[in-house]
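Encoded as structure tokens, the structure appears first; notes follow it.
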Amino acid sequence: MTSGGWPGGSSLAPRPVAEQAGVISETRRGAVASGRPRVEARGQGGPPRPAEATGSCHPDRTRADRPDTLSIPRRLQAEGRRRKVGCANAMRYDFDRVIERKGTGSLKWDTVERSTGVADALPLWVADMDFRAPDAVLDALRARVEHGIFGYAVKTESCYRAIIGWMKRRHGWAIERGWILFSPGVVPALNLAAQAYTQPGDRVIVQTPVYYPFSTAVVNNGRELVPNTLVEEGGAYRIDFDGLEQSIDERTRMLIFCSPHNPVGRVWRRDELEKLAEICVRHRLVVVSDEIHADLAMKGHTHLPLATISPAVASLTVTCTAPNKTFNVAGLQAGNVIISNPELRDRFRAVLTNAGLTMANILALAASEAAYDHGEEWLEQLLEYLHGNYLFLRTFVEQRMPRVKVTPLEGTYLVWLDFRGCGLGDPELKSLLLQKAKVWLDAGPMFGAGGEGFQRINIACPRSILAQALERIAAAISQ
Ligand SMILES: Cc1ncc(COP(=O)(O)O)c(C=O)c1O
């Protein structure tokens with residue numbers, strides 16, 4: 001199978017191969033260019049792209065040596081070392097490659113017409129990436145599938161070790177095995193946390209505009225939603241600490257914190273985290289810190305886990321992480337909930353048990369372990385590519401859509417675009433983007449107070465797709 005293929009591709013009808021298009025090279029990063037994407041059909045990788053055209057020395061990663069045992073890690077490590085020697089200073093993964101996702105059961109690509117009524121709208125909304133996961137993850141999954149038995153799984157020691165190692169290496173956070181609980185993703189963990197730490201009618205704070213399942217986790221569980229809207233000044237966002245203090249009363253039990261913040265793209269600084277921690281500790285609020293985007297801090301920004309800020313805040317913090325965003329494995333529904341306080345941990349474990357969620361997904365375990373043990377090199381290249389996409393978008397918008405403002409992206413691959421200068425109401429803006437531009441973004445009001453006049457664009461796609469979407473938006477706006 002080529003790297004453009006889809007596992008089990010024979011049962012999925014191949015799609016036509018679109019023509020070669022203006023893929024923007026790394027050396028032209030930041031330049032405004034447009035291009036139609038080169039699409040590769042599933043199961044048809046097409047001819048390998050020359051290394052000089054893609055900037056990759058492994059443009060087409062055909063793997064003759066399919067693993068036939070589960071003993072992957074040592075072999076991969078050796079292979080990784082070999083590749084690295086051969087690829088000094090070169091892009092090794094080809095994030096420019098367009099891989100067809102239609103017809104693969106993709107939420108992003110296969111619900112376009114049903115959800116929007118516009119069959120050919122380009123979807124840049126939900127937060128998954130149009131890139132293949134790291135080879136180490138694919139190899140681990142293949143090995144697991146090749147084994148062919150998918151009985152009940154136990155959380156393996158090697159998976160715990162991989163999570164612990166990742167947290168230490170990437171975030172300087174020494175966590176213990178016993179602190180880690182598993183959940184089928186972070187959104188389930190937010191809902192379970194509402195059940196574990198609050199009673200019906202209790203008040204829970206979220207900092208809008210924010211990823212909308214924060215609010216639904218509160219409201220759907222019969223708790224009272226308390227928005228503490230972020231302050232925006234000249235396109236920069238900060239926490240309204242005074243507003244936060246004022247919104248806390250004796251019925252307020254919990255804050256769901258987004259760090260890095262989706263959708264405004266902030267990576268919170270130490271001084272901001274310290275202030276937040278101090279307030280939460282003083283009011284004895286449980287903080288559910290959603291750090292799913294932790295690994296996606298852009299150049300010049302460092303993610304700090306809230307629980308590392310002080311022992312006092314650590315004892316109130318429930319940290320939610322996952323390989324889902326980082327390694328594009330959201331469909332596997334892996335989630336790690338890290339809780340150092342035994343009492344909070346027992347309460348979370350109890351709601352997991354009551355929901356019947358004590359088992360682990362065998363494929364999610366394999367993918368998590370491989371990603372955390374062997375995905376670092378891929379991630380570094382991904383971050384570079386995403387940063388390139390962000391610079392590309394920023395330059396494009398500055399030059400071609402001066403009435404639109406780009407919120408600085410410190411982390412995540414979701415860019416918060418300010419369309420308020422276009423003088424349109426939200427329904428008109430939504431209709432312009434969908435009906436005229438034929439681009440599907442997430443509308444700002446979905447993220448709660450402070451989202452009016454904004455749209456969120458997902459830039460984790462090949463640059464040619466991003467260019468195409470931006471061209472469409474620029475043309476619609478200028479009409
Ligand atoms: C802040 C945040 N939390 C959670 C999720 C989803 O997490 P999961 O797929 O693990 O449920 C997302 C996805 O966009 C997100 O942005």
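No lab work stands behind these numbers, since they all come straight from the coordinates. Just so you know, these numbers come straight off a predicted model, no measurement behind them. Cβ placement follows ideal geometry from the backbone for every residue including glycine, while neighbour counts extend to all protein chains displayed.
This ranking places HIS301, HIS293 by how few other beta-carbon atoms lie within 10 Å of each, fewest first, which gives HIS301, HIS293. Taking other Cβ atoms within 10 Å as a rough exposure proxy, GLU113, GLU272 sort from fewest to most as GLU113, GLU272.
What separates the Cα centres of region 433-453 and region 157-235 is a distance of 24 Å.
Selection among PRO227, CYS320, ALA217 by position relative to the dipole of region 157-358 gives CYS320 as farthest towards the positive end (Cβ unit charges, Cα centre).
Taking 22 Å as the cut-off for C-alpha to C-alpha distance, list the pairs among LYS168/LYS299; LYS102/LYS438; LYS275/LYS325; LYS108/LYS325; LYS275/LYS299; LYS108/LYS438 that go past it.
As for pairs spanning more than 22 Å Cα to Cα, those are LYS275/LYS325; LYS275/LYS299.
Mind checking Rg over Rh on region 115-195, alpha carbons, Kirkwood formula for Rh?
Details: Rg = 17.7 Å, Rh = 16.7 Å.
Reported Rg/Rh, Kirkwood definition of Rh: 1.06.
When Rg and the Kirkwood Rh are both derived from Cα coordinates, the Rg/Rh ratio for region 157-358 amounts to 0.93. Centre-to-centre separation between the Cα atoms of region 398-420 and those of region 261-338: 23 Å. Relative contact order, whole percent, for region 157-358 stands at 24, derived from Cα pairs under 8 Å and 6 or more residues apart.
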